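Structure first, then comments.
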Amino acid sequence: MAELVENAPPPSLLNQAWGRLTAGQKMGLGVALAALVALVTGLWLWGAAPDYRVLYSNLSDRDGGAIIDSLQQMNVPYKFAEGGGVLMVPADQVHEVRLHLAGQGLPKGGTVGFELMENEKFGTSEFLEQVNYKRALEGELARSVQTLSAVQAARIHLAIPKPTVFVREQELPTASVVLALYPGRVLDPGQVNAIVHLVSSSVPKLTPHNVTVVDQSGNLLSAPPSGENSALDAEQLKYVHQIEQDDIKRIEDILSPLVGLANVHAQVTAEVDFTQSEQTTEAYKPNQPPNQAAVVSQQTTESSSVNAPVVGGVPGALTNQPPVPAAAPLTAPNAAPNPANPVAGANPTAPGVKLGQPPSGPANGTAVQNSENTHKEMTTNYDVDRTISHTRLPVGMVRRLSVAVILNNHRVTDSAGKVSVRPFSEAEKNQMSLLIKDAVGFDAKRGDALSLLNSPFADQKEKESEIPLWKQPESVALAKNALKYLVILGVALYLMLGIIRPALRNFNQALKAPVAPVADVLEQGREGEEALEGAGYGSDGQTLSDTSRHEARLTKARAIAVQEPAIVASVLRDWMHGE
């Protein structure tokens with residue numbers, strides 16, 4: 001054994017350096033190398049991993065399965081996020097995949113619209129047609145509501161009564177809308193009213209009062225139907241605030257050139273009347289003279305009557321003669337004989353008979369009496385001077401304004417260039433008061449009030465921003481990203497400087513340290529125990545004989561084999577491959 005050890009070739013420097021390391025150093029070096037390999041591999045995988053973006057969110061199970069099948073056919077990697085509610089694909093393939101899926105009609109959505117009517121089967125009853133129509137209408141309205149930016153999902157239920165021929169038994173349709181809003185989003189009253197009118201305008205005979213809107217938390221968003229103007233409270237407050245802000249701006253704009261922008265502060269309180277009122281007035285004026293009155297109508301009626309002659313006497317042929325027309329003259333000399341009156345014609349000169357006139361008297365018994373009656377009536381209708389006025393008072397009239405203005409003392413520079421601060425004089429304040437009154441439309445009759453105060457302002461520090469820089473979302477996100485990279489860098493530096501660098505230093509020192517061959521060490525052991533101790537094998541310090549030296553060398557060889565198995569293995573390997 002001693003001869004083998006003496007003739008063993010020197011091991012390689014790497015093996016010698018590795019053999020000189022302690023068990024703790026070997027373990028540390030192995031851990032550092034493993035951590036370095038894991039870190040490099042992780043960084044490479046992290047850099048090579050694609051950036052995933054959202055493809056679709058809030059997919060129904062039916063659409064999700066169809067989309068995943070299509071993605072697998074296209075060999076597009078995908079993954080889920082937010083508990084499976086978001087489907088993500090590589091960022092460079094988002095638009096291409098969406099177009100490809102759109103060509104396949106995906107996603108179809110959780111609601112169905114009027115495409116439901118395209119698959120009507122032959123022989124479908126009227127009841128099923130009405131049900132499908134209502135489902136299709138509900139789905140189309142839900143899709144329209146989901147287009148709003150704050151609405152994540154929507155469901156609409158329509159209650160459409162069956163039409164009837166009885167007018168008194170007719171019922172109006174109603175609608176219920178359930179909204180699922182995105183986290184952190186809210187709907188203002190104007191948007192809620194827009195949804196209500198959108199639904200009511202899409203269904204015949206559906207009024208906005210019969211539409212109810214509820215969010216996912218069960219909060220009633222639509223206005224109660226009890227009052228027509230109950231939904232205007234927020235608008236009223238907004239209107240009052242706008243009036244006050246406009247007046248404040250007018251005051252500050254008109255006084256800023258005089259005292260400076262930072263030297264004037266104003267506040268305005270407006271009392272606005274939102275009462276809706278209508279009044280009708282009917283007034284009658286006294287009668288006017290006839291020449292000034294307005295004639296509506298005028299009616300004139302005139303009648304005239306002439307009494308016929310009265311016939312009397314003994315009945316006979318002469319008596320029954322028709323009366324002479326009234327236009328005939330009563331006396332006519334040389335009149336022609338009347339064939340109807342042969343007596344007068346036979347004896348025209350008979351006494352008591354007048355020509356052209358039937359005889360009067362007891363001979364013929366006829367008496368003539370003529371009379372005329374005339375009646376004239378005029379009716380004039382005059383219009384009554386009446387005034388009817390219907391007045392609807394405007395809503396939102398300002399009943400009273402209260403204005404409060406505070407002014408800072410102004411700086412005055414004298415001829416010597418010295419700057420001093422002094423308050424405003426009474427004349428200056430009066431002029432400013434007039435400017436303020438004209439700017440806001442001051443009306444003393446309605447009880448407006450103005451208070452103007454001149455006082456030095458206290459020194460104020462600049463107001464900090466409402467949200468500090470370190471609390472802003474952008475800063476927080478940037479800090480998170482920076483912290484992630486700093487942690488990775490810190491771990492890498494710790495591995496490099498704390499573990500790998502000391503291990504490499506020890507390994508380098510072990511390579512540079514001269515290593516005596518085992519045979520030389522054993523040869524030196526023959527010369528004395530000090531050489532063996534200098535080589536690190538120890539001695540008992542006593543003089544040894546040849547046998548004792550041989551035993552000592554064997555003992556040292558065994559100790560070397562136990563303490564430095566790598567060196568012994570290297571020597572044996574060289575022996576085995578040698579001549």
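Within 10 Å, count the other beta carbons around each residue, average over each peptide in 433-444, 293-304, and list them highest first.
On the way: 433-444: 14.9, 293-304: 9.8.
Output ranking for 433-444, 293-304: 433-444, 293-304.
Could you report the stretch 367-424's accessible area per residue, 1.4 Å probe, as an integer in Å²?
Using a 1.4 Å probe on heavy atoms only, each residue of the stretch 367-424 averages 77 Å².
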Worksheet entry | Segment Ala159-Asn381, length gained on full extension (0.36 nm per residue, minus Cα span) | 73.8 nm
Item to complete: Quote the FRET efficiency, to the nearest 0.05, computed for Trp575 versus Leu36 with a Förster distance R0 of 45 Å and r equal to the Cβ-Cβ distance.
Response: 0.80
Worksheet item: What is the distance, in nm, between label points placed 7 Å from the Cα along the Cα-to-Cβ direction at Leu128 and at Lys471?
Response: 6.2
Worksheet entry | Residues whose placed amide H lies under 5 Å from that of Asp448, excluding near-sequence neighbours | Leu401, Asp443
Item to complete: Return the sequence-ordered ³J(HN,Hα) values of the stretch 140-150 in whole Hz as given by the Karplus equation 6.51 cos²θ - 1.76 cosθ + 1.60 applied to θ = phi - 60°, using x for Gly and Pro.
Response: 5, 5, 5, 4, 5, 5, 5, 6, 5, 5, 8
Response to the item:
Once both label points are put 7 Å beyond Cα along the C-beta direction, the Leu99-Gln298 separation in nm becomes 8.9
Fill in: Largest-first ellipsoid semi-axes for the stretch 376-500, taking √(5λ) over the Cα gyration tensor eigenvalues, angstrom
71, 38, 10
Item to complete: Determine, from the Cβ-Cβ distance of Asn409 and Lys249 and an R0 of 30 Å, the FRET efficiency 1/(1 + (r/R0)^6), rounded to the nearest 0.05.
Response: 0.80
Fill in: Cut-off 17 Å (backbone N to label point 7 Å along Cα→Cβ of Ser277), residues of the stretch 233-265
none
Discussion item. Going by amide H atoms built from the backbone, whose H comes under 5 Å of the H on Phe424, apart from near neighbours?
Written reply: His410
Practice prompt. For Leu407, enumerate residues with amide H under 5 Å from its amide H, sequence gap 5+ or separate chain, H modeled in the peptide plane.
Written response: Leu453, Asn454, Ser455
Response to the item:
Taking a crude spin-label model, label points 7 Å out from Cα along the C-beta direction, the Glu372 to Ala81 distance in nm is 11.7
Response to the item:
The FRET efficiency for Trp44 and Ser144, from their Cβ-Cβ distance with R0 = 51 Å and rounded to 0.05, is 0.55
Worksheet entry | Spatial separation of Cα centroids for the stretch 145-221 and the stretch 398-448, in angstrom | 53
Worksheet, complete the sentence: Links exceeding 31 Å between C-alpha atoms in this model, out of Lys121/Lys162; Lys79/Lys134; Lys26/Lys480, come to Lys79/Lys134; Lys26/Lys480
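The values are calculated or read from the model by the stated rules, or taken from the named source; none is laboratory data. None of these values were measured; they are calculated from a predicted model. Glycine also receives a Cβ, built like all others from the backbone with ideal geometry; neighbour counts cover every protein chain displayed. Ligands, DNA and RNA are excluded from the accessible area calculation, which covers all protein heavy atoms including side chains. Shrake-Rupley method; radii C 1.70, N 1.55, O 1.52, S 1.80 Å.
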